[in-house]
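Asker: Supplied in structure tokens, the structure appears directly below.
The values are calculated or read from the model by the stated rules, or taken from the named source; none is laboratory data. Not measured: the values here are computed from a predicted model. Cβ coordinates were reconstructed from backbone atoms using ideal geometry, including for glycine residues, and neighbour counts include every protein chain displayed.
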Amino acid sequence: MTAALLETNLQALRSIHPRAAQLLQTHAVDRKRYVVAPTKDDYITVLCHTMNGDRPVCSYLHSRYSPISEALRFAEHQYSDRDITLFGFGLGYHVQALFDKLTEGQHLHVLAANLDTLRLAFEFFSFEALLNSDQFLLDICDSPEACTAAVEKASREHRSVVIHRPSLQGLNDTYAELKVQLLTRVMPPSDDQRREYARINHFNNMQRNARLVSELWGRHQGAIAIIVSSGPSLERYADWLQTLPQRANIILLCAGSALRFLRARGILPSYVVLMDALPTVSQQFEGVDAGDAPLLFANFSSHEAVQLYRPKKYLYYCEAFAGISSDDVLSVGDSVAHAAFSAAIRMGAQMIVFIGQDLCFLDGKHHVPGALGEMTMTMTGPEPANLKRVRNVQGKYVSTQPNWISYRSWFEDAIAANADVSFYNLTEEGLPISGAPCISPEELTQIITGLT
């Protein structure tokens, strides 16, 4: 590490990005939070001390053993023949490895959000040749909003978007929401097996000659729609659901995973909603008497589950394609509760109430008993490292999965887009949902009684 090396890098950066050079020159690295450490092969890495909500987290920015080998594997896996936008500069090992694979006319655009680690990189390694290349661009994104905007712009321009996950995880808590957005919304993980199931299900479900969901639109104008999900708090509200007045303007849209729980307590939903493609979803319906509640199922839902379900069935599509009406397409996000929400809106509901939509672990539980067949509903062993610590409706820290936070974001966007509908969230310890105030069963009963 030399001052001369830092100045050489800054001089090269000044010619292409004066603002970035000025920011780096005056930036003081938090050397307690970001600690330079030697690797087994005599290079360096950085130990990042960050927070996951109320819990301290330590993670390495690059391999403790061989960061060069790690970078080469990263580049081999992430390379694309399109222009590439890479989030996360780190110490630059993976940046150089990815740049070395570029062909003529191809560009690498790197988004750097962490000035601490970028400054460290400039202190220890020479990037003069990289910065002077016409094929390389460096952009300082010094806020979560700027990062999100830059990644989404790259996606719109059909560039290949690559995330260096250790760089993302090494950001401080200011970027907590961005971490979730990038890992679950902008760059969702691929699942080849699930896609293959979806393809097979679509083929089989198209043979059923099922009713189309648009037959139901407008059928429940002015209704109170209660969306019943299978979060662990559903157990706490079973008694309230059992005493809910059976009136024409109250409808229960139940996620398939909550059906067994409701029926065991004598509660009959108005509709059951299904979306998941996995064959194991059929366990939700095995040995369960669904009464006469119609099933709303996605075109790629488990065809085994659809076959097992006996009452009326209505098909909806999750995306538009040639030959189908837009009336039969639902905005579904990534959760079956999203599909139920969209269906309730199209049916004409004037109020939507969430029950069992906890979006977090409660007492180590992630679902009510029986929601996923014979699987245990309680987390066993130590918490997985990818869980996030966020505040619940009481302001206490709870553990949640990144994709559950993205589910909440979908709800909040959809609620904001339906200002003429009232929303409530029946939960005591789940995550807050903006636009759906938390409410007690007693308060909700008073509201419903006043409307009915």
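Asker: Does segment 210-228 contain any residue that is of a type in the set (S, T, N, Q), at pLDDT 90 or above, under 16 Å from Met347 (Cα atoms) and more than 25 Å from the chain's Cα centre (by Cα)?
Answerer: Within segment 210-228, one or more residues are of a type in the set (S, T, N, Q), at pLDDT 90 or above, under 16 Å from Met347 (Cα atoms) and more than 25 Å from the chain's Cα centre (by Cα).
Asker: Based on this model, can you work out whether His338 counts as closer than 30 Å to Leu387 by Cβ, in contact with a helix residue (DSSP H, G or I) (Cβ under 6 Å, 6 or more places away or on another chain) and either aromatic (Phe, Trp, Tyr) or buried (at least 16 other Cβ atoms within 10 Å of the Cβ) (or both)?
Answerer: Yes; evaluated as a whole, the condition is true for this residue.
Asker: Go over the candidates Thr26, Thr50, Thr8 one by one and state the one that is touching a Pro at 6+ places or on another chain (Cβ under 8 Å) and of a type in the set (Val, Ile, Thr).
Answerer: From the options Thr26, Thr50, Thr8, the qualifying one is Thr50.
Asker: Assess whether Arg265 counts as being buried (at least 20 other Cβ atoms within 10 Å of the Cβ) and over 19 Å from His338 (Cβ atoms).
Answerer: In short, no.
Asker: Another question, then. Output yes when any residue across segment 274-283 is surrounded by fewer than 23 Cβ atoms within 10 Å (Cβ to Cβ) and closer than 30 Å to Gly450 by Cα, and no when none is.
Answerer: Checking segment 274-283: not a single residue is surrounded by fewer than 23 Cβ atoms within 10 Å (Cβ to Cβ) and closer than 30 Å to Gly450 by Cα.
Asker: If you don't mind, there's one more thing I want to ask. Just to verify a result, which residue in segment 405-428, among those that are closer than 23 Å to Gln181 by Cα and among the charged types (D, E, K, R), is surrounded by the most Cβ atoms within 10 Å (Cβ to Cβ)?
Answerer: Arg408
Asker: Looking at segment 277-291, is at least one residue free of Cβ contacts under 8 Å to residues at least 40 places away in the same chain and either touching a Cys at 6+ places or on another chain (Cβ under 8 Å) or outside any loop (DSSP other than H, G, I, E, B) (or both)?
Answerer: Yes, because at least one residue in segment 277-291 is free of Cβ contacts under 8 Å to residues at least 40 places away in the same chain and either touching a Cys at 6+ places or on another chain (Cβ under 8 Å) or outside any loop (DSSP other than H, G, I, E, B) (or both).
Asker: If I filter segment 347-363 for residues that are more than 23 Å from Leu178 (Cβ to Cβ), in a helix (DSSP H, G or I) and either of a type outside the set (A, V, I, L, M) or in contact with a helix residue (DSSP H, G or I) (Cβ under 9 Å, 6 or more places away or on another chain) (or both), do I get at least one hit?
Answerer: Checked against the condition, which is being more than 23 Å from Leu178 (Cβ to Cβ), in a helix (DSSP H, G or I) and either of a type outside the set (A, V, I, L, M) or in contact with a helix residue (DSSP H, G or I) (Cβ under 9 Å, 6 or more places away or on another chain) (or both), segment 347-363 yields at least one hit.
Asker: Could you please let me know if Phe74 is of a type in the set (Phe, Trp, Tyr) and under 31 Å from the mean Cα position of the chain (by Cα)?
Answerer: yes
Asker: Check off (1) part of a loop (DSSP other than H, G, I, E, B); (2) modelled with pLDDT under 95; (3) among the polar types (S, T, N, Q) for Ser409 and give me the number that stays unchecked.
Answerer: Failing condition for Ser409: (1).
Asker: Of these, Val288, Val273, which one is of a type outside the set (Phe, Trp, Tyr), at pLDDT 90 or above and either closer than 14 Å to Ala339 by Cβ or under 26 Å from the mean Cα position of the chain (by Cα) (or both)?
Answerer: Val273
Asker: Which residues, counting only those in segment 412-424, are part of a helix (DSSP H, G or I) and out of contact with any helix residue (DSSP H, G or I) (no Cβ under 7 Å at 6 or more places or on another chain)?
Answerer: Glu412, Asp413, Ile415, Ala416
Asker: Being assigned by TED's automatic domain parsing to the domain that holds Val228 and touching a residue at least 60 places away in the same chain (Cβ under 8 Å) narrows it down to one of Ala322, Ala337, Ala416, so name that one.
Answerer: Checking each option against the conditions leaves just Ala337.
Asker: Pull out all pairs, ordered by first then second residue, where Cβ-Cβ is under 7 Å, the residues are six or more apart or on different chains, the first lies in segment 367-388 and is within 14 Å of Thr400 (Cα to Cα) and at pLDDT 70 or above, and the second is outside any loop (DSSP other than H, G, I, E, B) and not polar (S, T, N, Q).
Answerer: Partner pairs satisfying both residue conditions: His367/Pro232; Thr378/Lys365; Asn386/Pro402; Lys388/Val180; Lys388/Pro402; Lys388/Ile405.
Asker: May I pose another question? Please identify the pairs in which a residue from segment 424-452 that is farther than 11 Å from Ile355 by Cα has its Cβ atom under 7 Å from the Cβ atom of a residue that is among the small types (Gly, Ala, Ser), counting only partners at least 6 apart or on another chain.
Answerer: Sorted first by the residue in segment 424-452, then by its partner, the pairs are Glu429/Ser233; Gly435/Ala416.
Asker: Hey, Cys141 hits all of (1) more than 24 Å from the chain's Cα centre (by Cα); (2) within 25 Å of His17 (Cβ to Cβ) but one; which does it fall short on?
Answerer: That leaves (1) as the condition not met.
Asker: Does segment 292-332 hold any residues that are in a helix (DSSP H, G or I) and surrounded by fewer than 22 Cβ atoms within 10 Å (Cβ to Cβ), and which are they?
Answerer: Glu304, Gln307, Leu308, Ser326, Asp327, Asp328
Asker: Right, next: Which one of these is in contact with a helix residue (DSSP H, G or I) (Cβ under 6 Å, 6 or more places away or on another chain), farther than 21 Å from Gly348 by Cα and outside the structural domain of Leu182 (by TED's automatic domain parsing): Thr427, Thr400?
Answerer: Thr427
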